[in-house]
1. Which of the residues spanning segment 62-118 are modelled with pLDDT of 95 or more, more than 20 Å from residue 51 (Cβ to Cβ) and of a type in the set (Val, Ile, Thr)?
2. Yes or no: segment 156-170 includes at least one residue that is within 13 Å of residue 122 (Cα to Cα), crowded, with 17+ Cβ neighbours inside 10 Å and hydrophobic (A, V, I, L, M, F, W, C).
3. Could you say which residue among 321, 327 is touching a Ser or Thr at 6+ places or on another chain (Cβ under 8 Å), surrounded by fewer than 14 Cβ atoms within 10 Å (Cβ to Cβ) and farther than 30 Å from residue 113 by Cα?
4. Given the conditions (1) part of a helix (DSSP H, G or I); (2) more than 26 Å from residue 183 (Cα to Cα); (3) in the same structural domain as residue 236 (by TED's automatic domain parsing), and given that residue 369 satisfies all but one, which numbered condition is not satisfied?
5. Mind checking which residues of segment 200-220 are of a type in the set (A, V, I, L, M, F, W, C) and in a helix (DSSP H, G or I)?
6. Among the residues of segment 214-247 satisfying the criterion of being in contact with a Ser or Thr (Cβ under 6 Å, 6 or more places away or on another chain) and over 13 Å from residue 200 (Cβ atoms), which is surrounded by the fewest Cβ atoms within 10 Å (Cβ to Cβ)?
7. Go through segment 148-199 and give me each residue that's modelled with pLDDT of 85 or more, polar (S, T, N, Q) and in a loop (DSSP other than H, G, I, E, B).
8. Can you pull out the residues in segment 195-245 that are over 27 Å from the mean Cα position of the chain (by Cα) and free of Cβ contacts under 8 Å to residues at least 24 places away in the same chain?
Amino acid sequence: MKIGIVCYPTFGGSGVVATELGMALADNGHEVHFITYNQPVRLDFLSHKLHFHQVLIEEYPLFQYQPYELALSSKMVEVVEKHELEVLHVHYAIPHAYAAFMAKQMLLEKGISIKVVTTLHGTDITLVGSHPTYKTAVEFSINNSDVVTAVSNSLKQTTNHLFKIKKEIQVVYNFIDIEKYDKAENQECKRDALAKPNERILTHISNFRPVKRVEDVIKIFYEVQKEIPSKLLMIGEGPDRAKAEILTKKLGITDNVFYLGNSTETVKILCYTDLFLLPSQTESFGLAALEAMAAKTAVISTDTGGLPEVNIQGKTGFLSDLGDIKDMAKNAISILKEDAILDQFKRNAKEHTKKFSLQNILPVYEEIYNSCYKTKV
């Protein structure tokens, strides 16, 4: 099947999932075309049969903000027409679902029918989409998609609560390629470059936006390192990185906290990790937590959004109320203090990720595309 994928080409969860999905579809024999303004960060052309079409935005003095959605919808029309695509799969409602609707209407004028699958990822609904400025357009775009999916039951419920949705939303969980993490686990993990043999390694990975509460990460670690010799790896870039670094210096723990910036080698980094910290204000799913678990890492997180669907209380880690630093630190210490306890949590985390394996989720998306194709007029 010929499939177009539209996503944000960034380190964020929606872009990562869309890219991994496209590569897996190509490996399974499908022709996949990415349509976005930059090449997705994890897109590997050397080992996958993929196509990338860049959306170019011309700058005009007339526009204070360049109309990306217009350029995107025009590019969709061009790619669908030239390569005879059968399905457009857009990730993130704003502005992708709206641009896809415009493209679909333009193609109908040309006598071409294209089906649109929209996947909702989280902040496109909970933070941005529900804003009065965008709410009407987002609601319209969702209702005019041929198929709508959400990455967790929590996000599905939130979407139905915030919008007047006229169609069924299908929950399709985010996924991971477990084999990739198995290979990393079997390779030599040189953690001694970062920590002494008696030290634990904690990690946080995010885009450092306010919703991720990176200062809470520092506060949790500060309490943990009082009891257990440890190091903290902070992976990512974003607006709150400076705040986190200031707090790190204020607490006097700069020698134990490493800010490594954005990385395409998260699998290798997670290989070093004993415990993953995710004290987010909200997570529609918690892909970063799932990736950590696939690397055999226990998780300390909040109990918001879709996180309880990923991190199982007392089994793969612990869940705490938002902002409860004391409880998260206590739970972290309880996992880290003894090797046997830590190893059991790590094994549980690894085992639980099988539910979210690429091998289980990929056929679900393929069936969705096939259902669109079968009903295509």
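1. 118
2. No, because not a single residue in segment 156-170 is within 13 Å of residue 122 (Cα to Cα), crowded, with 17+ Cβ neighbours inside 10 Å and hydrophobic (A, V, I, L, M, F, W, C).
3. Working: 327 fails: surrounded by fewer than 14 Cβ atoms within 10 Å (Cβ to Cβ).
Within the list 321, 327, the selection yields 321.
4. Only one criterion in (1) part of a helix (DSSP H, G or I); (2) more than 26 Å from residue 183 (Cα to Cα); (3) in the same structural domain as residue 236 (by TED's automatic domain parsing) is unmet by residue 369, namely (3).
5. 211, 214, 217, 218, 220
6. 235
7. Across segment 148-199, the qualifying residues are 152, 174, 198.
8. Correct list: 197, 226.
The values are calculated or read from the model by the stated rules, or taken from the named source; none is laboratory data. Because the structure is predicted, anything quoted here is derived from the model rather than measured. Cβ coordinates were reconstructed from backbone atoms using ideal geometry, including for glycine residues, and neighbour counts include every protein chain displayed.
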